[in-house]
Amino acid sequence: MVTVIIPALNEEKTIGHVIGLVSASSLVDEILVIDDKSSDNTIKKARLPKVKIYTSPKLGKGGSMRDGLLLSKNEINVFLDADILSYPDNVIELLTAPLLNDEADFVKSSFSRQAGRVTELVAKPLLSLLFPDLVKFSQPLSGMIACRKSWMEKIIIENDYGADIGILLDMHLLGARIMEVNIGYIENRMQTWEQLGKMSREVSKAILKRVHNVDEKNLETLENISIIRSQMDYAIRESLIGLEKMIIFDMDNTLLEGSFITKAAEEFNFENELIRIVTEYSNAYTRTKSIARLLKNRTFAEILDVVDKIKIIDDAEYVIGELKKKGYICGIISDSYDIVTNHLKNKLRMDFSVANELEFSQSIATGEVKVPSAFMRNRHSKCNHDFCKSNVLFQLAEKYNIDTKNIISVGDSENDICLVRESGIGIAFRSNNNYLNLVADRVINEKSFLQILDIAY
């Protein structure tokens, strides 16, 4: 019998159809939906007969695939994407036939739709150069596969867009019998150009990672690899010309090489009180209100003087200038205070800042603070936090008429997790938070923003 494993992330519109089709096959006695922490009704729609639902502890398709294999009770497993409505009725039979007939150990699907841009511009050229035996596969990045569990257990599945090509290469390197089976016409969702950029990098990384027999001194080979990657980058850049784009920076320990309130505590001698508040108050709203009282009676000038004592990342001004040339709207979202973020915004010639509004009377801080409604949970919220930067993200996207897929966010701490996760491209910058590094699309460990220019097309 056959186990069908369906990794899913926010597929409420299609998951029921895919399960219904799979359930109709007499070969299938186990259906596993591995949910990647969906925020919509995917799980609710997947609660159908014969279906077991699990939420993966790791984000990413590769993690869901690994979890599915561990949970599977059968030797023969089929992986299907959850977002496709055009599977043929006999898709299970088509994919498993070579395994059941002992003609193959691993089956890769092909389909009538033209191969995608990453396949044509990156995967196939790299395969022809480095793994010419695999050029015969028309859809090397296809995620619809069938396999023997005993073979899949021998490999490590990538956790990103490199998962599918990585599996194919690992099976090839292990000497598995591989077949490609046509499953008809498949229409799947087009990726955004930002996603394609990430996909091209991760696919090429997965391929190059498995090259063991290429002479690194072969300049012609290295030059060809560089040309292949640059062609995809060029295609993406050309397609993004004129697109409305935005980049959002956190302030403390991101734009600044330190935290404003920590520096203020040193300058104004309230370190012990700050530690007490941070320790005692877990609620972000209450903590913000309490910390603001520590600044009571401090003048406008005194507070700005503290800000100016904190070093700005050396290349911040240059990188932001280059981003603006590329058409990016640049701004700050911080859980610090607007007097600080606005000062930094003006220094760096940024477009906006959103932060808590520290109140002043006659240029003297009253100790009161107003938390903008943009931070508060609303009908657009995708997390359960009462106070969250991601809520500001959605409001800014609406205000500037920019799809969140075209927004880059850069942060360093736990408070940035939702913001980074919900953005089109999320960047963890010099972060010690393991979960933030996990959900981020890119991790930057050096004290420089220059890498952002390679990401921001």
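The values are calculated or read from the model by the stated rules, or taken from the named source; none is laboratory data. Every value quoted in this text rests on a predicted model; they were computed, and no experiment measured them. Counting neighbours? That spans all protein chains shown, and the Cβs are built from the backbone with ideal geometry, glycine included.
Quick notes
- Pairing each residue of the range 383-401 that is assigned by TED's automatic domain parsing to the domain that holds Asp252 and among the polar types (S, T, N, Q) with any residue that is in a helix (DSSP H, G or I) and surrounded by 21 or more Cβ atoms within 10 Å (Cβ to Cβ), provided the two are 6+ apart or on different chains, yields C-beta distances under 7 Å for Ser390/Cys418; Ser390/Leu419; Ser390/Glu422; Asn391/Phe375.
- Taking the listed residues Leu173, Leu169, Leu196, the one that is modelled with pLDDT of 80 or more and surrounded by 14 or more Cβ atoms within 10 Å (Cβ to Cβ) is Leu169, with no other qualifying.
- Those helices (runs of 4 or more DSSP H) of the range 78-174 in which 2 or more residues are touching a residue at least 60 places away in the same chain (Cβ under 8 Å) and closer than 30 Å to Asn10 by Cα occupy 91-100, 149-152, 163-174.
- One residue alone among Gly321, Gly327 is at pLDDT below 90, farther than 27 Å from Thr299 by Cα and in the same structural domain as Asp252 (by TED's automatic domain parsing), and that residue is Gly327.
- The set of residues from the range 286-305 being in contact with a Phe, Trp or Tyr (Cβ under 6 Å, 6 or more places away or on another chain) and part of a loop (DSSP other than H, G, I, E, B) comprises just one member, Leu294.
- Of the residues making up the range 391-413, those that are polar (S, T, N, Q) and farther than 15 Å from Ile427 by Cβ number 3.
- Selection within the range 434-457 - outside any helix (DSSP H, G or I), over 16 Å from the mean Cα position of the chain (by Cα) and surrounded by fewer than 24 Cβ atoms within 10 Å (Cβ to Cβ): Asn445, Glu446, Lys447, Ser448, Tyr457
- Taken over the range 365-382, the criterion of being over 16 Å from Leu295 (Cα atoms) and of a type in the set (Gly, Ala, Ser) is satisfied by Ser373, Ala374, Ser381.
- Evaluation of Leu130 against the conditions (1) among the aliphatic types (A, V, I, L, M); (2) surrounded by fewer than 22 Cβ atoms within 10 Å (Cβ to Cβ); (3) in the same structural domain as Val107 (by TED's automatic domain parsing); (4) within 14 Å of Lys205 (Cα to Cα) shows that the sole unmet condition is (3).
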